[in-house]
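Notes follow once the structure below has been shown.
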Amino acid sequence: MNYILFDNNRDNFLPLTYTRSVSDIRIGILTIYEKWKFFLGTDLSVKTIDYLQPKYNLLIKSDNIFINSSVLPSNELIDSINKLNDSEAIFFNNTIIAYRNNPNKKIEFNKPIVYISELWHIFRFNSQCIKDDFKLITNNKTSQKLSDTNRFINKENIFVENGAKVEHCILNASDGPIYIGKDSEIMEGSMIRGPFALCNNSIIKMGAKIYGGTTFGPHCKVGGEVNNSVLLGFSNKSHDGFLGNSIIGEWCNLGADTNTSNLKNNYASVKIWSEKENSFIDTGLQFFGLIMGDHSKTSINTMFNTGTIIGSCVNIFGSGFPRNFVPSFSWGGSSGYSSYQLEKFYDVAKKVMLRRNITFSSIDKEIYKNIFDITLFQRKY
């Protein structure tokens, strides 16, 4: 069967989905795409917005099953999807989950699902997703032996892939598993509580304090204090500073002593700027830190208010708090902003990605040109 993941509620995940399909969002240990590939045992196509489509393979055959990327797979759901007949569609309440070809017959799915429909669901559901992915990834596999220099609690709930290095650390897996990816490193003096995932080739710097519900995607460098946050990959928070209840895109860098507030002084529900609604919306959450799009950066000693949204390709610097929403391709801080020009961004992006032996391609260039144009109305400077 030919399976195709399609974007649903894509605009709810901006600025993260300016540069990726919904299926490319990492939650738990794996991306949503990787989860579906694991369950189905085959590669899938991805259908997304036109300007992002060249980044993804899309194969449409005479017979196809389309799957909502915002829904996470389960054995029960896979069974129902594989039983779909031509023109049938699976719904959960009023949300379409999957359909085969041109749907005209509705089938209700009555079992629980995990549906990622809002930005904050990524960190809200991350603990459970780490637990679920841990079971998938480690099933019938043997963990690499950890050095006796470390201290463990619930050692059987800790899995270390080949090539990983951990010395003189405290790992507490009482509240959830700890996954340490291939060729990653946790430096001396770090204290980590599960559920936690450190993906391939990532590094935790000396003396870091990492709390549960946290994922560091591949090729990240992280230090300081982090709680219930997701770094999608290829991003750095190498120094001291607090990051809590936050999501950081790829190719980001948080300067030394960058700090996020994740709780309002009056303990009120956090409101954030919705690019979809072009207004503030109430998340209903008491804890909410920072959302940052790809290729954004902060200078040393940057401070973020509770519930701040930073677009893609933003440079934040200077004293004081930046405003709660900074549009993509902005350059500045509390004293004012200017537009980050495309050619200047291209030059920096090429250098940053080359450090990880990845080429800034012509497809990337065209994607960011589209983002620059799409977000032009937001930059009133």
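The values are calculated or read from the model by the stated rules, or taken from the named source; none is laboratory data. Just so it is clear, the model here is predicted, and its values are computed rather than measured. Cβ coordinates were reconstructed from backbone atoms using ideal geometry, including for glycine residues, and neighbour counts include every protein chain displayed.
Here are some notes:
- Residue in region 101-145 that is nearest to Asn75 (Cα to Cα), counting only those that are among the aliphatic types (A, V, I, L, M) and assigned to a loop (DSSP other than H, G, I, E, B): Ile113
- Residues of region 1-48 satisfying the condition of being small (Gly, Ala, Ser) and not in a strand (DSSP E or B): Ser21, Ser23, Gly28, Gly41
- Yes/no for Phe91 being buried (at least 18 other Cβ atoms within 10 Å of the Cβ), closer than 30 Å to Leu285 by Cα and at pLDDT 95 or above: no
- Complete set of residues in region 292-308 that are out of contact with any Leu (no Cβ under 6 Å at 6 or more places or on another chain), surrounded by 22 or more Cβ atoms within 10 Å (Cβ to Cβ) and hydrophobic (A, V, I, L, M, F, W, C): Met292
- Test: residue in region 157-168 that is touching a Leu at 6+ places or on another chain (Cβ under 9 Å), under 19 Å from Ile29 (Cβ atoms), of a type in the set (D, E, K, R) and at pLDDT 95 or above: no
- Scanning region 139-198 for residues that are surrounded by fewer than 21 Cβ atoms within 10 Å (Cβ to Cβ) and of a type in the set (Val, Ile, Thr) gives Thr142, Thr149, Ile153, Ile170.
- First in region 352-381 and touching a residue at least 40 places away in the same chain (Cβ under 8 Å), second anywhere and part of a helix (DSSP H, G or I) and surrounded by 12 or more Cβ atoms within 10 Å (Cβ to Cβ), Cβ under 6 Å, 6 or more apart: Ile363/Pro54; Ile363/Lys55; Asn370/Tyr51; Ile371/Tyr18; Phe372/Leu342
- Among the residues listed as Phe280, Phe288, the single one being closer than 23 Å to Gly333 by Cβ, touching a residue at least 60 places away in the same chain (Cβ under 8 Å) and of a type in the set (Phe, Trp, Tyr): Phe288
- Total residues in region 228-265, condition of a type in the set (S, T, N, Q) and either surrounded by fewer than 22 Cβ atoms within 10 Å (Cβ to Cβ) or not in a loop (DSSP other than H, G, I, E, B) (or both): 8
- Some residue of region 302-310 being within 25 Å of Asp24 (Cβ to Cβ) and in contact (Cβ under 8 Å) with a residue 60 or more places away in the chain: yes
- Residue check, Ile192 part of a strand (DSSP E or B) and under 20 Å from Asn262 (Cβ atoms): yes
- Matching option when the condition is more than 24 Å from Phe125 (Cβ to Cβ) and among the hydroxyl-bearing types (Ser, Thr, Tyr), among Tyr51, Tyr33, Tyr18: Tyr51
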